[in-house]
Amino acid sequence: MPQQLLKVVRPTKIELIKLRRRLTLASRIQKIVKDRVSILILEFLQIAKQTVEIKSQLLAEFSGTYKALSIAAGYHGYIALEKELIATERDLEIAAGSRNIGGVRIPAFELKEAQGAIRGYSLVDTSSWLDQTAQLSEKCLETIVELAELQRGLELLGREISRTKRILNALEYLIIPSLQATIKYLYMKFEERDREEKSRLKRVKVLLEQR
Amino acid sequence: MVSELPYERLLQECLKGEFRVVNAHLPGKQKTLSDLLAEEYPHVLCRDGSTHLFKRKELKYLASLITADEQKALLLPMLLEVSAGQGEVAVICLGEVEEKVIAKILDMSITPRQRKIVLYRPQLALVRKLLRASTQYLFSPKSEV
């Protein structure tokens, strides 16, 4: 691809200095953006791996919970179980904040642990099967919150990677090459001017000698 | 002969903004591990006004690695300095506690270089996996780790 030259108002030394400064800045930014992309990719892959793990963990937990629930339902009967479970409803407390990974703000959730909280059902009328079901359901909730955080993070990181890659490509294939080409063009222009000056002086010298 | 790129200036502005974006999330003030453990919702305020939330599980894991006195000295979030053009990342290590924590996580002895612990990519992945909320990236324009 032929390198495009930037618009130079006048081919002067001042312009050359300006362009060289811009090239330095662009190269520095390119290095930072490159690092950022590699960090974002590293994080993306890690989160992707973790998401898969958490998802399979959640499926296993769900199947365990449903098993425990069906055993509890079989033990107590649906009507009795439902009667007990009506009282167990409670609000969940989730702390929401954010976490930043290389300039990408990712939501962070933390399920508040209900320490020593009574589950709501009568411990006298129920069995340990129901306790186990409740315990497993709480674990499922924690995993769901974790999965939500990871999935959103994955989405945001993916979007940012594609945006940053475009910037990096613009720098690598457009801005830096065009700056280099313009600087080269200016050098050639100066050399040409020098040569013109030299030949002009020679011509003047010859003319003076002829007089 | 000389062509003009109309969005060239726009891109320049956009790129200048990159520097601001990548480091805007740095904490205004780091907190010690013992302070964070005492908080109901462990967090620090960042320079851009956002809140960086810590995971209690991670804090407990960190607390299990060090003694109670060291918990008062460990400043969080730990900063991971990414220097331009290098394949490595450095952990800014103000005391011996960071060194001890990283050494225990990586399960190897560590010698800090100019108050920095150099981490290579696989090591970085391990540290970030275990301390996702307790570490933060710092992008440095300098090209040395």
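The values are calculated or read from the model by the stated rules, or taken from the named source; none is laboratory data. Keep in mind that this is a model prediction, so the values were computed, not measured. Don't worry about glycine lacking a Cβ; one is built from the backbone with ideal geometry, like all the others, and counts go over all protein chains shown. Each accessible area value is taken on the protein alone, full model and side chains, heavy atoms only, with ligands, DNA and RNA left out. Shrake-Rupley method; radii C 1.70, N 1.55, O 1.52, S 1.80 Å.
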Next item on the list: Identify all residues within segment A:7-26 that are under 27 Å from B:Leu80 (Cβ atoms) and more than 9 Å from every other protein chain (Cβ to nearest Cβ); write none if there are none.
Entry: A:Thr24
Note to self: Looking only at segment A:52-75, filter to residues that are modelled with pLDDT under 85 and open to solvent by less than 40 Å² (accessible area, probe 1.4 Å); which one of those is farthest from B:Pro42 (Cα to Cα)?
What the structure shows: A:Ala73
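Residues are listed down the side, and each one gets a yes or a no for (1) within 11 Å of another protein chain (Cβ to nearest Cβ); (2) in contact with a Ser or Thr (Cβ under 6 Å, 6 or more places away or on another chain):
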{"site": "B:Ser50", "(1), (2)": "yes, yes"}
{"site": "B:Val82", "(1), (2)": "yes, no"}
{"site": "B:Val91", "(1), (2)": "no, no"}
{"site": "B:Gly95", "(1), (2)": "no, no"}
{"site": "B:Val101", "(1), (2)": "no, no"}
{"site": "B:Ser109", "(1), (2)": "no, no"}
{"site": "B:Arg115", "(1), (2)": "no, no"}
Note to self: For a quick check of your reading of the model, give me the residue pairs whose first member lies in segment A:85-105 and is within 7 Å of chain B (Cβ to nearest Cβ), whose second is open to solvent by 60 Å² or more (accessible area, probe 1.4 Å) and of a type in the set (D, E, K, R), with beta-carbon atoms closer than 8 Å and at least 6 apart or on different chains.
What the structure shows: A:Ala95/A:Lys112; A:Ser98/A:Arg105; A:Arg99/A:Arg105
Next item on the list: Scan segment A:106-147 for residues that are within 14 Å of another protein chain (Cβ to nearest Cβ), open to solvent by 40 Å² or more (accessible area, probe 1.4 Å) and modelled with pLDDT of 85 or more and jot them down.
Entry: A:Phe109, A:Lys139, A:Glu142, A:Glu146
Notebook entry, point to check: Looking at segment A:78-101, which of its residues are at pLDDT 80 or above, of a type outside the set (Ser, Thr, Tyr) and open to solvent by less than 40 Å² (accessible area, probe 1.4 Å)?
Noted result: A:Ala95, A:Gly97, A:Arg99, A:Asn100, A:Ile101
Notebook entry, point to check: So which pairs qualify, if the first residue must be in segment B:84-106 and farther than 16 Å from B:Leu130 by Cα and assigned to a helix (DSSP H, G or I), the second must be open to solvent by less than 20 Å² (accessible area, probe 1.4 Å) and modelled with pLDDT of 75 or more, the Cβ gap must be under 8 Å, and the two must be at least 6 apart or on different chains?
Noted result: B:Val97/B:Ile66; B:Val97/B:Leu74
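Evaluate segment A:54-65: report whether one residue or more is closer than 16 Å to A:Gly153 by Cα and in a helix (DSSP H, G or I).
So in segment A:54-65, the residues closer than 16 Å to A:Gly153 by Cα come out as A:54-55.
Retained after the next criterion (residues that are in a helix (DSSP H, G or I)): A:54-55.
Among the residues of segment A:54-65, at least one is closer than 16 Å to A:Gly153 by Cα and in a helix (DSSP H, G or I), which makes the answer yes.
Okay, residues lined up against (1) under 30 Å from B:Ala133 (Cβ atoms); (2) out of contact with any Gly (no Cβ under 7 Å at 6 or more places or on another chain); (3) open to solvent by 30 Å² or more (accessible area, probe 1.4 Å):
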| site | (1), (2), (3) |
| --- | --- |
| A:Lys165 | yes, yes, yes |
| A:Glu172 | no, yes, yes |
| A:Pro177 | no, yes, no |
| A:Ala181 | no, yes, no |
| A:Leu186 | no, yes, no |
| A:Glu192 | no, yes, yes |
Check: Among the residues of segment B:19-32, is there at least one that is at pLDDT 85 or above, surrounded by fewer than 15 Cβ atoms within 10 Å (Cβ to Cβ) and not in a helix (DSSP H, G or I)?
Finding: yes
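Let's see how each residue does on (1) farther than 22 Å from A:Gly102 by Cα; (2) out of contact with any strand residue (DSSP E or B) (no Cβ under 7 Å at 6 or more places or on another chain); (3) of a type in the set (D, E, K, R):
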site: B:Val91; (1), (2), (3): no, no, no
site: B:Val97; (1), (2), (3): yes, yes, no
site: B:Met108; (1), (2), (3): yes, yes, no
site: B:Arg113; (1), (2), (3): yes, yes, yes
site: B:Lys116; (1), (2), (3): no, no, yes
site: B:Arg132; (1), (2), (3): no, yes, yes
site: B:Gln136; (1), (2), (3): no, no, no
Notebook entry, point to check: Which ones in segment B:107-136 are assigned to a strand (DSSP E or B) and either on the phi > 0 side of the Ramachandran plot or modelled with pLDDT of 85 or more (or both)?
Noted result: B:Thr135, B:Gln136
Note to self: Restricting to segment A:174-204, count the residues that are under 30 Å from A:Val33 (Cα atoms) and away from chain B (no Cβ under 12 Å).
What the structure shows: 4
Check: How about segment B:68-94: which of its residues are of a type outside the set (A, V, I, L, M) and at pLDDT 70 or above?
Finding: B:Asp69, B:Glu70, B:Gln71, B:Lys72, B:Pro77, B:Glu81, B:Ser83
